[in-house]
Amino acid sequence: MKDAIKELLNDRRSLKEAAIVAVLFPLVYFGMNLIGWGNEMFSWWETLLVAPVNGFFYWIFLSGFRRFANEDVTPSKFGE
């Protein structure tokens, strides 16, 4: 378990992208509200609370998928 967490933390590219997502989420949300295209689903404080959670889940899923990106997943023919 500790090795898996260390491996996820070593994926610096995913960490940078997750930080960008966490910053862009409220900026896009507030920007859409400013130009009148917002859906008013969250208040401003809920948006600020959701942004780090959104970035965290982005990082977990992206790091998990990148761990297996180089594996061969093509089906093999049985009997050969």
Going Cα to Cα from Lys16, which aspartates and glutamates come in below 12 Å? Please leave out same-chain ones fewer than 8 positions away.
none
To the nearest 20 debye, what charge dipole does region 1-69 have about its Cα centre, counting +1 at the Cβ of each Lys and Arg and -1 at the Cβ of each Asp and Glu?
380
On a 0 to 90 degree scale, rounded to 10, what angle separates helix 44-67 from the longest Cα axis of the chain?
10
List the chymotrypsin sites (Phe, Trp or Tyr not before Pro) within region 1-61 that fall in a DSSP loop (any state other than H, G, I, E or B) and whose Cβ has at most 13 other Cβ atoms within 10 Å.
Trp37
Rounded to the nearest whole Å², what accessible area per residue is found for the chain with the 1.4 Å probe?
85
Among [x] 18, 47, 26, 8, 1, 0; [y] 18, 52, 23, 7, 1; [z] 17, 33, 23, 17, 8, 3, 0, which one is P(r) over Cα pairs in 10 Å bins from 0, in percent computed from these coordinates?
[z]
Ignoring ligands, DNA and RNA, what percent of the 1.4 Å accessible area of the chain is carbon and sulfur?
68
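The values are calculated or read from the model by the stated rules, or taken from the named source; none is laboratory data. From a predicted model like this one, the values you see are computed outputs, not experimental measurements. Every residue, glycine among them, receives a Cβ derived from its backbone with ideal geometry; neighbour counts consider all protein chains shown. Protein only, heavy atoms only, side chains kept; ligands, DNA and RNA dropped before computing areas. Shrake-Rupley method; radii C 1.70, N 1.55, O 1.52, S 1.80 Å.
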